[in-house]
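This report refers to the structure that appears directly beneath it.
The values are calculated or read from the model by the stated rules, or taken from the named source; none is laboratory data. It should be emphasised that the depicted structure is a prediction, and the values quoted were computed from it without experimental measurement. Reconstructed Cβ throughout: ideal geometry from the backbone, glycine too, with neighbour counts over all protein chains shown.
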Amino acid sequence: MSDRKINEQDLSSFFSGEASQKQEEKVLRWLNLDPANRAELMRSRKIFDALLLLDQHEAKFEAHKRPLFPRWAKELARMAAVIALVVCCGYYLFNRHIERLAQHTNIVVVPAGQRANITLPDGTNVWLNSLSELSYPVVFTGGERRVKLSGEGFFDVTHNAQQPFIVHTEHYDIKVLGTKFDVVSFSSHDDFSVSVIEGQVQVAERNNAANAMVCSANQEARKRDWGLIKQNIPDSDVFLWREGLLCFRNTSLEKLFERFEYSYGMRVVFNTTSLPKVEFNGKFRVSDGIFHALRVLQRDVAFSYEWDENRNIIYIS
């Protein structure tokens, strides 16, 4: 069954605490897809609790042999009392359960040379590049949807005006409602960028939110020595890393070797001052391997390399 629908059996198991991990994840995904689902779940919870309490007290009421009122009136009164009780405490108990689940965090770590595609509890789709890490709660609660990224991620965010989506990086926060954008923020490098494909995002330095910058479609915010600058996206092909392509335009040999390190999961050692001052345009398929990429570059630039297999280091000379 699609996660956009839920059946009574899954809800009943969820309320009783007997749900399997798969059932619980299914309910939580459904809950985050649409704000209206929370209200529907509360209605179902009230009915569940009312029926449960009625079952528990049925024997006591059946013990009366000479009822003063007709059976239907007695049942109606009991139902009204039970529903009143559930209205008072059901919402509190349900939110306590959701808050407890929200304290649990999922962490996805992508090994070198690999990529990962995941769907968050609200339906947001995320692609993670090599050597990237994303942490997010089992269920989003409160007024915001918060995740934490280290590395590179491409986000296709599910729109929810009542619950903005926020990506925390090492030094910057990105706030959106519903959009597609790419984030680069590796702690091992000084690079940071946010490139917007659709929609609009707000980028702010965590310790200086007053200098927030808004980027719309086909714009990006990129870190420079003096701070963030906003510019048009020079080349959208760079986002094809989701398809296993390493694309580059007007890129120096030094920058290419740095990208090789996290794309292929190998350390590349070189003397910056001895590298030719040339720039390259093109693309490599990551699955072809780093040695294929180096041989292609050697057609245009004279350099040699050695591979220390034991330490997994390539020395460029």
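Key figures for this structure:
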| quantity | calculated |
| --- | --- |
| Residue in region 176-187 that is surrounded by 14 or more Cβ atoms within 10 Å (Cβ to Cβ), out of contact with any Ser or Thr (no Cβ under 7 Å at 6 or more places or on another chain) and part of a strand (DSSP E or B) present | yes |
| Region 122-153, subset buried (at least 17 other Cβ atoms within 10 Å of the Cβ) and either outside the structural domain of V183 (by TED's automatic domain parsing) or under 8 Å from the mean Cα position of the chain (by Cα) (or both), residue farthest from G265 (Cα to Cα) | T124 |
| Search result, residues across region 297-317 that are over 40 Å from the mean Cα position of the chain (by Cα) and of a type in the set (K, R) | R299 |
| Condition met for E243 (in contact (Cβ under 8 Å) with a residue 24 or more places away in the chain and either acidic (D, E) or at positive phi (or both)) | no |
| Residue that is farthest from D235 (Cα to Cα) [pool: residues in region 291-308 that are out of contact with any Gly (no Cβ under 9 Å at 6 or more places or on another chain) and among the hydrophobic types (A, V, I, L, M, F, W, C)] | W307 |
| Output for region 188-201, where each listed residue is under 16 Å from E170 (Cα atoms) and surrounded by 12 or more Cβ atoms within 10 Å (Cβ to Cβ) | H189, D191, F192, S193, V194 |
| Residue among W307, W241 that is part of a helix (DSSP H, G or I) and either at pLDDT 85 or above or farther than 24 Å from N125 by Cα (or both) | W241 |
| Any hit, region 183-201, residues being within 14 Å of the chain's Cα centre (by Cα) and in contact (Cβ under 8 Å) with a residue 12 or more places away in the chain | yes |
| Residues of region 266-293 satisfying the condition of being within 34 Å of the chain's Cα centre (by Cα) and among the hydrophobic types (A, V, I, L, M, F, W, C) | M266, V268, V269, F280, F284, V286, I290, F291, A293 |
| Which numbered condition L246 misses (of (1) surrounded by fewer than 18 Cβ atoms within 10 Å (Cβ to Cβ); (2) outside any loop (DSSP other than H, G, I, E, B); (3) under 28 Å from the mean Cα position of the chain (by Cα)) | (1) |
